[in-house]
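Peer 1: Here it is: the structure, laid out below.
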Amino acid sequence: MTQIRHEMGIILKSPREIGQMRDAGRIAAAVLDAVAKEVRPGITTGELDDIAVNGVKKRGAEASFKGYRGYPASICTSVNEEVVHGIPGRRVLNEGEIVSLDFGALVDGFHGDAALTVGVGRITAEAQRIIDAARGALEAGIDAAKIGARLGDVSAAIQAYVEARGFSVVREYVGHGIGRELHEDPQVPNFGIPGEGPLLQKGMTMALEPMLNAGVLRTRVAEDRWTVVTADGKLSAHFEHTIAIDENGPEILTKL
Ligand code: MF3
Ligand code: CO
């Protein structure tokens, strides 16, 4: 989501609501997996959107992003230097490119939101390295999301993981609380200070989504008014899971 400044309430979910979010998360993950399996040289990003539309329909759910603030598609496809919010269309994917796929499912009033980045055919070692670092950064954030920790601990864990690998963390877009709304409080930055921010409590549900750049952290928005690109045109990678805070540790809701 785009970073906004105001802070309202965090909505804690009951075990029953978490169960519903598990259903939404599972469907989001299944659709994303189905789309990711079709990524290959020659396919268009619009065809990937079609696969997502069919996949979510087949599972009796709705796409969270379609129409959200006027977003025109069901999935986001962000290629190479595109960070997030790439709009699928006629663009043909070529060997050696990387593409972030971001998909949200709405099931019985609850959202699940997930993203991953994959290579198109054979990719360079450097492209593989940023993908692996983005996946690892998400895992580091999830590992830090324990009851009693603070949100800043999660943010700082992600930032430390990314910067130790020589990549930069996008500041202008952040993760978010999620539930009946796609974007709820709190904002979940991928950078921060340990010990700061709200305490993590049982029933909090959040989408963690580190965005890593190979070069500078700065971004800009392309002419389509949606696609976020790196300011220097270098590669970017993105992974996202929806998680629930629980006494048994963080639960990944967008699991296959
Ligand atoms: N995971 C992204 C986010 O939380 C995807 C949103 S795309 C939009 O911001 F179209 F819905 F904005
Ligand atoms: Co999100």
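The values are calculated or read from the model by the stated rules, or taken from the named source; none is laboratory data. This structure is a prediction, so every number in the text was calculated from the model and none was measured. All Cβ positions, even for glycine, are placed from backbone atoms using ideal geometry, and neighbour counts span all protein chains on display.
Peer 1: Looking at region 79-95, can you tell me whether even one residue there is surrounded by fewer than 24 Cβ atoms within 10 Å (Cβ to Cβ) and without any contact (Cβ under 8 Å) to a residue 12 or more places away in the chain?
Peer 2: Checking region 79-95: not a single residue is surrounded by fewer than 24 Cβ atoms within 10 Å (Cβ to Cβ) and without any contact (Cβ under 8 Å) to a residue 12 or more places away in the chain.
Peer 1: Right, Gly141: buried (at least 22 other Cβ atoms within 10 Å of the Cβ), within 16 Å of ligand 1 (Cβ to nearest atom), touching a residue at least 60 places away in the same chain (Cβ under 8 Å) and assigned to a loop (DSSP other than H, G, I, E, B) or not?
Peer 2: no
Peer 1: Determine whether Leu106 is surrounded by fewer than 24 Cβ atoms within 10 Å (Cβ to Cβ) and part of a strand (DSSP E or B).
Peer 2: On the way: surrounded by fewer than 24 Cβ atoms within 10 Å (Cβ to Cβ): yes; part of a strand (DSSP E or B): yes.
Answer is yes for this residue.
Peer 1: Next question, about the same structure. Among Val99, Val162, which is buried (at least 24 other Cβ atoms within 10 Å of the Cβ), under 16 Å from the mean Cα position of the chain (by Cα) and in a strand (DSSP E or B)?
Peer 2: The match here is Val99.
Peer 1: Go through region 152-174 and report how many residues are within 16 Å of ligand 2 (Cβ to nearest atom), out of contact with any helix residue (DSSP H, G or I) (no Cβ under 8 Å at 6 or more places or on another chain) and within 19 Å of Met204 (Cα to Cα).
Peer 2: The qualifying residues number 1.
Peer 1: How many residues, within region 174-230, are aliphatic (A, V, I, L, M), within 15 Å of ligand 1 (Cβ to nearest atom), farther than 22 Å from Asp143 by Cβ and part of a loop (DSSP other than H, G, I, E, B)?
Peer 2: Of the residues in region 174-230, 2 are aliphatic (A, V, I, L, M), within 15 Å of ligand 1 (Cβ to nearest atom), farther than 22 Å from Asp143 by Cβ and part of a loop (DSSP other than H, G, I, E, B).
Peer 1: Follow-up. Which is farther than 25 Å from Leu217 by Cβ and either out of contact with any Leu (no Cβ under 9 Å at 6 or more places or on another chain) or among the polar types (S, T, N, Q) (or both), of Gly86, Gly109, Gly119, Gly166?
Peer 2: Gly109
Peer 1: To continue, here is another question. Which condition from (1) under 20 Å from the mean Cα position of the chain (by Cα); (2) farther than 18 Å from Leu116 by Cα is the one that Gly25 breaks?
Peer 2: Among (1) under 20 Å from the mean Cα position of the chain (by Cα); (2) farther than 18 Å from Leu116 by Cα, Gly25 violates only (2).
Peer 1: Shifting gears a bit: For region 61-74, check the following and say yes or no: at least one residue is surrounded by fewer than 23 Cβ atoms within 10 Å (Cβ to Cβ), in a helix (DSSP H, G or I) and of a type in the set (Lys, Arg).
Peer 2: Yes, region 61-74 contains a residue that is surrounded by fewer than 23 Cβ atoms within 10 Å (Cβ to Cβ), in a helix (DSSP H, G or I) and of a type in the set (Lys, Arg).
Peer 1: What is the one condition in (1) at positive phi; (2) within 17 Å of the chain's Cα centre (by Cα) that Gly148 does not satisfy?
Peer 2: Of the numbered conditions (1) at positive phi; (2) within 17 Å of the chain's Cα centre (by Cα), the odd one out for Gly148 is (2).
Peer 1: Quick check, is Val39 assigned to a strand (DSSP E or B), out of contact with any Lys or Arg (no Cβ under 8 Å at 6 or more places or on another chain) and more than 16 Å from ligand 2 (Cβ to nearest atom)?
Peer 2: no
Peer 1: Yes or no: region 149-159 includes at least one residue that is among the basic types (Lys, Arg), in contact with a Lys or Arg (Cβ under 9 Å, 6 or more places away or on another chain) and touching a residue at least 12 places away in the same chain (Cβ under 8 Å).
Peer 2: Looking through region 149-159, none of the residues is among the basic types (Lys, Arg), in contact with a Lys or Arg (Cβ under 9 Å, 6 or more places away or on another chain) and touching a residue at least 12 places away in the same chain (Cβ under 8 Å).
Peer 1: Answer with yes or no whether Thr219 is modelled with pLDDT of 95 or more and closer than 30 Å to Lys13 by Cα.
Peer 2: No, not satisfied.
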